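Report on the structure given below.
The values are calculated or read from the model by the stated rules, or taken from the named source; none is laboratory data. As the structure is a prediction and not an experimental result, all values here were calculated from the model. We place every Cβ from the backbone using ideal geometry, glycine too, and count neighbours over all the protein chains shown.
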Amino acid sequence: MASQTAKKAVLACVLIAGGTIAIALARPRPVVLVKHAPVVTTQTPHVAPVDAGEDEEEDRAYAFRVPTGKPAELACEEARRVIAQVRTGLAYEPDNVSPRALAAGAADWLDPHGLWSAAPDSPIQARIEKRAGELMAEMEGRVGDDCPAARDVGDALLAWVGVLRAKFDEARASTNEADAAAASEEIPFDAIAYSQPAKTFATELGTRVGAFERAYGESAKPYAEAARDRFFPLLTADEWGRALLAAAVRAYVPLVDPHGAWAPLDEEESVYEVDLAGHPPLRLWEKSERTAIGVVLGDGASAPLEEGDLVLSIAGVTTAGLPLEQLDQLSYAAGDLDAPATATLLRRGEHVLRTITLDPPSTPASAEPSNDDERLPADRVTYAEGDALVVAIHDVRDDLGDLLARTLANDVRRHDLRPITGIVLDLRGNGGGSTDGAMAAIALFLPGAPLFPMKRRDGTIETDRAPEPANDDRWAGPVAALVDGETASAAEMIAGALAVYRRGPSVGTPTYGKGCAQEYLDDDVHVGVLRLTTLLYALPDGEAVQRVGLTPVIGLSLPPVDDAEREATLAHAPPTWRGPDVRDRRSPTADQAWPPHNGAVGPCKDEGVCKALRALGAASAKNVRATRGGGRR
């Protein structure tokens, strides 16, 4: 459903330290930062060493399994164990869950098509709402029976999906030659509209599938049957009850942890922001649209697949009726098998299904630079007798330290241009990313510095230290961070550390205020993946970030950000935490002030940059030094 696309964006996050996301690790996965809604995490301090077998997986970064296409299910006791793991693993005491909110979320996650529980004419959501209080008590283990509320909804689902299946079968059987003629040209490629009454939708699906079957004969029958099985599964009442419990767990987790998530292994890709990994995996396609009988590929199709292809099956998985989350995971997994996968598809203008063998997805060398050559967007802006280097950091990728070092080296060392008088890290709109990436970037300016204290629920406090980069990668001159209300999580870490250590001021408007951290964990029943807020973090001087944000050292008037879009306004957000001062006073950092600009600033492509540079020069002229980087002042 369309609503699940939005949910997926909120639940996305990125791998730290370039490790492998495997299917059944026994230890916690590396810790991550979430990008919008922005979430921060820290590096796990005592992770078991990686063995040689895991080293081979490091380069792959992510290893997703090929999804089965089946609805996720959890038995009653399994659901209870996952919920218990969530409630005890959080960094804070969770709020109570609203039964109404649980019912709405469960109905949405249960239904990937808009047929079973989310359609306007479905009786199932009302049944879930009626039993939501009992269902929640069952899941939380406050009652000891075998989840009868879930079984009751399962009975209703069995009957309702049976009604819809009959509508589908009737329409499928009644198609004619005219329908078949249309199917050969248009119907298979037409995207289906999900927001309509379920009975109408079931009839439409039956007509389209039946027309396709008539047009392509016996070769189409396996895909028609797969569509029927996916849209209208032949589950028992017990199985439907278990599907509801899986959906309810998926809804429950973000209700107690707005930055958390649970996903079954068939859909675990939906938990991660893979594009922000240092070595992101390649996928067979970027965009697609679901049809009644398969999926039409959009942008980013990897040869020999083509944009506009109707893919009916790939890597042995039929695509009709696949949930969005499984379809996305399939786009990665099918290109990452030990042997090349095959795909059966229909190409526009052709009238025979074709089966092709897929090469592993690859990016042409001319399409984008290799990782070793990649740099961040950077502009030189006239400042005093030299140039300010303004580096735009839109995301905090896992390899940000390397990217930033290459970017600085490319400009700072050039003798054919004006000298660099200072560096501005433009973090406006940066929703976060990798903690390892943030610490590696900070290390270029604060090598070896103790950074962020992190507190677990049991009171344990952990502190990470910036790495020690090569001397040639370090920058000892003036630096500043340009921030706004959308600067969050790992980006707040960068700006906050520079200012707290008096290394360089933050300039702009107050930031988002994300000072909590998540870890990836296998769930205790080994059927899915959890992302949980297990840590609260503070700046190196102990000032709070969570719900507070950074108050810039130098305030600017920048385009406003909706104040409603802040961590402090997020329902059930973790509490504020002020930590200990972990700075190393024995090796103080020199305060590198910006030189006066004497009126020589710009021109700038972005007026906000010129405002920041003028403010930095004015502050220097007044002998103003950065004194604090975040929290209350």
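Give segment 483-514 a look and list any residue that's part of a loop (DSSP other than H, G, I, E, B), under 28 Å from the mean Cα position of the chain (by Cα) and touching a residue at least 60 places away in the same chain (Cβ under 8 Å), or say none.
484, 485, 486, 487, 488, 489, 511, 512, 514 - these are the residues of segment 483-514 that are part of a loop (DSSP other than H, G, I, E, B), under 28 Å from the mean Cα position of the chain (by Cα) and touching a residue at least 60 places away in the same chain (Cβ under 8 Å).
Here is the figure for segment 325-345: residues that are at pLDDT 95 or above, out of contact with any Asp or Glu (no Cβ under 7 Å at 6 or more places or on another chain) and not polar (S, T, N, Q) total 3.
The single residue among 441, 480 that is buried (at least 24 other Cβ atoms within 10 Å of the Cβ) and part of a helix (DSSP H, G or I) turns out to be 441.
Residue count for segment 515-545 satisfying the condition of being assigned to a strand (DSSP E or B) and among the acidic types (Asp, Glu): 2. None of 243, 226, 315 is over 20 Å from the mean Cα position of the chain (by Cα) and closer than 30 Å to residue 132 by Cα except 243. Inspect segment 274-283 for any residue being out of contact with any Asp or Glu (no Cβ under 7 Å at 6 or more places or on another chain), over 18 Å from residue 109 (Cα atoms) and crowded, with 24+ Cβ neighbours inside 10 Å and give the result as yes or no. No, segment 274-283 has no match at all. Of all residues in segment 243-250, none are surrounded by fewer than 24 Cβ atoms within 10 Å (Cβ to Cβ) and of a type outside the set (Gly, Ala, Ser). Screening segment 355-382 for residues that are at pLDDT 90 or above and closer than 28 Å to residue 488 by Cα and picking the one that is farthest from the chain's Cα centre (by Cα) gives 381. Cβ-Cβ distances below 9 Å connect the following pairs, each with a first residue in segment 542-559 that is free of Cβ contacts under 8 Å to residues at least 60 places away in the same chain, a second residue that is aromatic (Phe, Trp, Tyr) and part of a loop (DSSP other than H, G, I, E, B), and a separation of six or more residues or different chains: 546/577. Look at (1) within 21 Å of residue 516 (Cβ to Cβ); (2) under 22 Å from the mean Cα position of the chain (by Cα) and you find that residue 462 fails only one, number (2).
Is it true that residue 284 is at pLDDT 95 or above and in contact with a helix residue (DSSP H, G or I) (Cβ under 8 Å, 6 or more places away or on another chain)? Judged against the criteria, residue 284 is not a match. Regarding residue 311, is this residue in contact with a Gly (Cβ under 7 Å, 6 or more places away or on another chain) and either crowded, with 23+ Cβ neighbours inside 10 Å or more than 30 Å from residue 202 (Cβ to Cβ) (or both)? Considered against the rule, which asks whether it is in contact with a Gly (Cβ under 7 Å, 6 or more places away or on another chain) and either crowded, with 23+ Cβ neighbours inside 10 Å or more than 30 Å from residue 202 (Cβ to Cβ) (or both), residue 311 comes out as yes.
The one condition from (1) out of contact with any Asp or Glu (no Cβ under 7 Å at 6 or more places or on another chain); (2) free of Cβ contacts under 8 Å to residues at least 40 places away in the same chain; (3) over 22 Å from residue 310 (Cα atoms) that residue 182 does not meet is (3).
Please work out if residue 556 is modelled with pLDDT of 90 or more, under 19 Å from residue 381 (Cα atoms) and crowded, with 19+ Cβ neighbours inside 10 Å. Answer is no for this residue.
With respect to residue 57, is the statement that it is buried (at least 20 other Cβ atoms within 10 Å of the Cβ) and either within 26 Å of residue 327 (Cβ to Cβ) or modelled with pLDDT of 95 or more (or both) true? Judged against the criteria, residue 57 is not a match.
Can you name every residue in segment 495-534 that is over 24 Å from residue 563 (Cβ atoms) and basic (Lys, Arg)? Result: 502, 503, 531. Within segment 123-143, the presence of at least one residue that is touching a residue at least 12 places away in the same chain (Cβ under 8 Å), under 30 Å from residue 197 (Cβ atoms), touching a Phe, Trp or Tyr at 6+ places or on another chain (Cβ under 7 Å) and not β-branched (Val, Ile, Thr) is confirmed.
If you check residue 308 against the conditions, is it within 30 Å of residue 213 (Cβ to Cβ), part of a loop (DSSP other than H, G, I, E, B) and of a type in the set (Gly, Ala, Ser)? It would help to see each step written out before you state the result.
On the way: within 30 Å of residue 213 (Cβ to Cβ): yes; part of a loop (DSSP other than H, G, I, E, B): yes; of a type in the set (Gly, Ala, Ser): yes.
Answer is yes for this residue.
Remark: pairs (first residue in segment 341-357, farther than 19 Å from residue 67 by Cα; second residue surrounded by 15 or more Cβ atoms within 10 Å (Cβ to Cβ) and acidic (Asp, Glu); Cβ separation under 9 Å; 6+ apart in sequence or on different chains) = 346/309; 347/309; 348/309.
When the residues of segment 201-242 are filtered to those that are closer than 17 Å to residue 187 by Cβ and acidic (Asp, Glu), the one that is surrounded by the fewest Cβ atoms within 10 Å (Cβ to Cβ) is 204.
Applying a threshold of 9 Å to beta carbon distances and a minimum spacing of six or more residues, or different chains, the list of pairs starting in segment 463-478 at a residue that is under 19 Å from residue 421 (Cβ atoms) and ending at one that is of a type in the set (Ser, Thr, Tyr) reads 477/421; 478/421; 478/620.
Take the conditions in the same structural domain as residue 445 (by TED's automatic domain parsing), under 29 Å from residue 477 (Cβ atoms) and surrounded by fewer than 23 Cβ atoms within 10 Å (Cβ to Cβ) and apply them to residue 496. Does it pass?
Working: in the same structural domain as residue 445 (by TED's automatic domain parsing): yes; under 29 Å from residue 477 (Cβ atoms): yes; surrounded by fewer than 23 Cβ atoms within 10 Å (Cβ to Cβ): no.
Here the answer is no, as residue 496 does not meet what is asked.
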